[in-house]
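The values are calculated or read from the model by the stated rules, or taken from the named source; none is laboratory data. None of these values were measured; they are calculated from a predicted model. Ideal geometry is used to build each Cβ from the backbone, glycine not excepted, and the neighbour counts take in all protein chains shown. These area figures cover heavy atoms from the full protein model, side chains too; ligands, DNA and RNA do not enter into them. Shrake-Rupley method; radii C 1.70, N 1.55, O 1.52, S 1.80 Å.
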Amino acid sequence: MTAPATEGRLGTGGGRWGMRADVLRHGGGHDSSRVGFVELFFDLVFVFAVTQLSHSLIAHPDVEHLLQVLVLAWAVWWLWIDTTWVTNWLDPDRLPVRAMLIVLMLLGLVMSSAIPEAFGDKALLFAVPYVVIQVGRTAFTTWAMGRHWPDNATNFVRITIWVSVSGAFWVAGALLDDARMTLWVVAALIDVVGPRALFWVPGMGPTNPNTWEVRSQHMAERVSLFIIISLGESIIVTGSAFSELEVDAVTVVAFLAAFVSTVLMWLLFFDRSEQKAAAYFAAQDQPGMVAQTAYTYVPFLLVTGIILTAVADELVLLHPGGHEGATDAWTAWIMCGAAAVYLLGNALFRRATGGRWSAWHLGGVVVALGLALLRGAVTPLTLSWLTNAVLLAVLVGDVVRARRAAASV
């Protein structure tokens, strides 16, 4: 979701604008961009949702369920990031906004509970709350903008139309078993295309991207927090699996491999990418398109890579020796694919936030995928450490390159 914000254009509320003006964030200082406690409370639902996604794939290790999980993960991410855009402009400390977020939490909890059977008997239980959240939240924001900001309200009318159209496909897919995957993919694609199409609507035209103003500090912090949530799921999966296993040397080494992969992913994003990206983001006069690309689309790859890594870590913990010293194709491709997707997401994030293409990251993508070809010759545990070695090599190479660049200035 991308539409114009209202930073620097607001009054102090009250008067003829009444409650609608009061629910908007005011001013451009640090406090106006602070992540509210109710936003963190709202995120708890998505801790559960990420857990549901990873456990669904662990329980059903096949390509069909992988595709299903990716579609559901996109819906979960899109719901969360759209809400983040809205709280970029609406003040979560105001009672109407706080009430809205709590209602969205309830609906999100119902939706997340249906994830394991979303392509089965609980399709409507997944789709209906999702659509109600998307349409209801956008309509609320349209109202909140009020008559004093007609251009902003009009932009949210456009967004309401787009989410209503995609919502029709989500509900239709829930009702039609045989066409569910097709209809839900179409719905997800409509959600993807909307921001890039500037929410163009016949008779209304597109949103003007020059009006997109974003509280960069708030947006960057919110997305970083979601990545932390995803990394937390990796920790939960690793700890839960390890606690149920008999402790021996092989299990401990597998546990360490899982922990190291989480640490390396954290370092690659938070130590090497996030701070420079946040500074670049904050320095932009019109950060709307940066926010759309770097903080709306690209993080999905990072989150997907983390979720797949959590799945791979449990597979390695449960079967570190594989079958006769080899790694099955599913485990190998999930493990290596996870590393490749994460590195690709990191490279795209850095590029979208003013950096150059990283040869180390792109090379790491190729090497990580190539490791899957070794599956017949190495155990899952060995392959896990090899993918960690790729992540470490990218990290070290990036540090060395940055230091050389700094020294040459």
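Label-to-label distance for Asp62 and Arg403 is 5.0 nm, based on points extended 7 Å past Cα in the beta-carbon direction. For helix 329-352, report the angle its Cα long axis makes with the longest principal axis of the Cα atoms of the chain; keep it between 0 and 90° and round to the nearest 10°. The answer is roughly 40 degrees.
With 0.36 nm allotted per residue and the present C-alpha distance subtracted, the Leu189-Asp177 stretch has 2.4 nm of extension available. Would you compute, from DSSP H runs of 4+ residues alone, the mean residue ellipticity of the chain at 222 nm, taking -39500 (n - 2.57) per run and dividing by the full residue count, rounded to the nearest 500? The helix-only estimate for the chain comes to -23500 deg cm²/dmol at 222 nm.
Of the accessible area of the chain, computed with a 1.4 Å probe over protein heavy atoms only, carbon and sulfur atoms account for 67 percent.
Helix 63-87 and the longest principal axis of the C-alpha atoms of the chain enclose an angle of approximately 40°. The relative contact order of segment 98-223 comes to 18 percent, based on Cα pairs under 8 Å that sit 6 or more residues apart. Calculated accessible area for the chain comes out at 41 Å² per residue, all protein chains present (probe 1.4 Å; ligands, DNA, RNA ignored). Extending 7 Å from Cα along the Cβ direction at Val253 and again at Asp328 yields two label points whose distance is 2.2 nm. Take the Cα of Val396, step 7 Å toward its Cβ, do the same at Ala282, and the gap between the two points is 3.3 nm. Relative protection proxy for 72-82, 238-248, from highest mean packing down: 72-82, 238-248 (other beta-carbon atoms within 10 angstrom). Between segment 91-134 and segment 340-409, the alpha-carbon centres lie 36 Å apart. Compared with the direct C-alpha span, the chain from Val260 to Glu244 gains 3.8 nm at full extension, assuming 0.36 nm per residue. Between 0 and 90 degrees, the angle of helix 216-243 with respect to the longest Cα principal axis of the chain falls at about 30 degrees.
Could you calculate the contour length gain from Leu318 to Leu124, that is, 0.36 nm times the residue separation minus the distance between their Cα atoms, to one decimal place in nm? Please list the in-between numbers first.
Working: separation 194, 0.36 × 194 = 69.84 nm, distance 3.39 nm.
So the extension gain works out to 66.5 nm.
Relative contact order of the chain, taken over Cα pairs closer than 8 Å and 6 or more residues apart, is 16 percent.
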